[in-house]
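Heads up, the thing below is written out as structure tokens.
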Amino acid sequence: MMTTTATSGAGAERVHVVDGSPVDLPRAERAVAELLAALGIELSDGVRDTPRRAAAAYAELLTARPFSLTTFPNEADYDELVLARDIPFHSLCEHHLLPFVGVAHIGYLPGERILGLSKLARVVERFARGLQVQERLTKQVADWLQDQLGAKGIGVVVEAEHLCMSLRGVQASGTRTVTSAVHGLLRDDGRSRQEFFALTGIHR
């Protein structure tokens with residue numbers, strides 16, 4: 001699921017767009033009100049404005065900020081691992097609409113171009129802001145960077161706690177799920193692969 005944010009005109013209200021379609025906030029608000037009523041919760045006192053707040057919150061959680069990928073010529077011919085650790089993110093579990101929250105570690109072996117480091121966090125946000133599963137999120141970030149950057153190797157590790165596991169069902173609070181995706185030399189060369197996972201703190 002891809003999400004973008006748009007504005008129109010000076011001082012225009014932010015427009016949330018999910019999968020190319022503007023979010024219908026009044027409809028979402030009515031749906032939240034109906035859900036609360038179905039759960040036996042009356043819209044009184046402090047809950048009266050909850051449908052509006054919840055609709056706006058979900059629209060925000062599903063909308064990523066647009067960005068352009070900034071790369072620079074690798075003029076120093078740098079060929080060692082570049083690693084950004086502990087990039088924070090949050091996403092929504094597509095099965096229960098509950099958040100999962102954690103960090104991503106991204107490493108790459110540069111080719112002809114290097115990447116503006118802040119863009120690594122933006123790439124994670126781009127794919128995290130939507131209904132997701134962690135396995136797909138990890139692969140999407142790695143695949144997209146490989147396609148866009150043309151690096152000699154790409155590695156992504158994601159660690160997250162899922163509230164659908166912590167707060168319901170088994171209620172295993174504090175459990176973290178770890179997923180990884182690697183391309184190029186970080187997949188095929190044993191020493192490069194070992195270095196990447198060691199620097200992320202995931203020993204494999």
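Work out from phi, with θ = phi - 60° and the Karplus expression 6.51 cos²θ - 1.76 cosθ + 1.60, the ³J(HN,Hα) of each residue of segment 42-52, listed in order in whole Hz, and give x for Gly and Pro.
Karplus values, whole Hz, x for Gly and Pro: 7, 7, 9, 6, x, 8, 4, 9, 4, x, 5.
In degrees from 0 to 90, rounded to the nearest 10, what is the angle of the helix 25-38 Cα long axis to the longest principal axis of the chain?
70 degrees
Among ASP77, ASP143, rank each residue by its count of other Cβ atoms within 10 Å, from fewest to most, as a rough exposure measure.
Exposure proxy ranking, most exposed first: ASP77, ASP143.
Only one of the values [x] 48, 36, 35; [y] 63, 48, 21; [z] 55, 38, 32 was calculated from this structure for Cα extents along the principal axes in Å; name its label.
Matching entry in [x] 48, 36, 35; [y] 63, 48, 21; [z] 55, 38, 32: [y].
Work out from phi, with θ = phi - 60° and the Karplus expression 6.51 cos²θ - 1.76 cosθ + 1.60, the ³J(HN,Hα) of each residue of segment 97-111, listed in order in whole Hz, and give x for Gly and Pro.
Using θ = phi - 60°, the values come out as 6, 10, x, 10, 10, x, 9, 10, 10, 10, x, 8, 9, x, x Hz.
Helix-only estimate, please: 222 nm mean residue ellipticity of the chain, summing -39500 (n - 2.57) across DSSP H runs of length 4 or more and dividing by its residues, to the nearest 500. Before the final figure, lay out each step's value.
Values: 7 runs with 72 residues, N = 204.
That calculation yields -10500 deg cm²/dmol at 222 nm.
Tilt of helix 118-128 relative to the longest C-alpha principal axis of the chain, in degrees (0 to 90, nearest 10)?
50 degrees
Coordinate-derived values only; no laboratory data. Predicted model, so just to flag it, every value in this text is computed and none were measured. With ideal geometry, Cβ positions are generated from the backbone for all residues, glycine too; neighbour counts draw on all protein chains shown.
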